[in-house]
Amino acid sequence: MSDNPLSNPESTTHERENLLKEQEQVMDELNRLRESMQVEVDIEVDEGDAEVFEREKNAVLISVLESRIQDIQSALRSIEKGNYGICARCGKPIEPGRLEVKPDATLCVSCQQEIERLSRRGRPSRQIQW
C-alpha cells in the first residue's frame, strides 16, 4: 500500500479539478497580457514613461504565469502517474495543508525550505548602506 493518501483516483479528483480550474484562470490572464503586449507603444524619451513601465511589468508577469502553467501541468502529470502529493526530493508525503494552499507543490515544506536556504547561500548578500 502506498504512503500517499492522495495516490488513489478518488482522492485526487478534487485536486485535479482545482488544478484545471487554476490552469484555465492563469491561461486567461496570460492571454490577456499577451494581447496587451501586441499593442504598439509610442516610446517617449522620458525616463519615467508609464507605458514602457507597464510593458516591462507585463513582460515579467507573463514569465511568472508561464512558469505557473508549467508547475500546474507538472502537478497534473503527477496525478496521472499516481505520485501526486509525494515530495520529489525526499519521497515523503507533502502535507495536505501545503497542497491545499499550493496544489502544484512538488516539495514538502522541509525540502522547499532547504532548497531556498541553499539557493540564498549561493547569492551575494545585499547590505543596505546608509
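Annotations for the structure displayed:
- Residue ID - modelled with the lowest pLDDT, chosen from residues in the range 80-108 that are closer than 16 Å to Thr13 by Cα and among the small types (Gly, Ala, Ser): Gly82
Table: residues versus (1) assigned to a helix (DSSP H, G or I); (2) surrounded by 14 or more Cβ atoms within 10 Å (Cβ to Cβ).
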site: Gly97; (1), (2): yes, no
site: Pro103; (1), (2): no, yes
site: Leu107; (1), (2): no, yes
site: Glu114; (1), (2): yes, yes
site: Arg117; (1), (2): yes, no
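- Scoring Arg77 on the criteria (1) modelled with pLDDT of 80 or more; (2) surrounded by 16 or more Cβ atoms within 10 Å (Cβ to Cβ); (3) not polar (S, T, N, Q) leaves a single failure, condition (2).
- Annotation note: of Ser7, Ser36, Ser11, Ser2, the sole residue that is modelled with pLDDT under 80 and assigned to a helix (DSSP H, G or I) is Ser11.
- Among the candidates Leu30, Leu65, residue that is modelled with pLDDT of 95 or more, in a helix (DSSP H, G or I), closer than 23 Å to Leu107 by Cβ and not hydroxyl-bearing (Ser, Thr, Tyr): Leu65
- The range 71-91, residues that are among the basic types (Lys, Arg) and either in a helix (DSSP H, G or I) or in contact with a strand residue (DSSP E or B) (Cβ under 6 Å, 6 or more places away or on another chain) (or both): Arg77, Lys81
The values are calculated or read from the model by the stated rules, or taken from the named source; none is laboratory data. On a predicted model such as this, the values are computed, not experimentally measured, just so you know. No Cβ is skipped: glycine too gets one built from the backbone with ideal geometry, and neighbour counts run over all protein chains shown.
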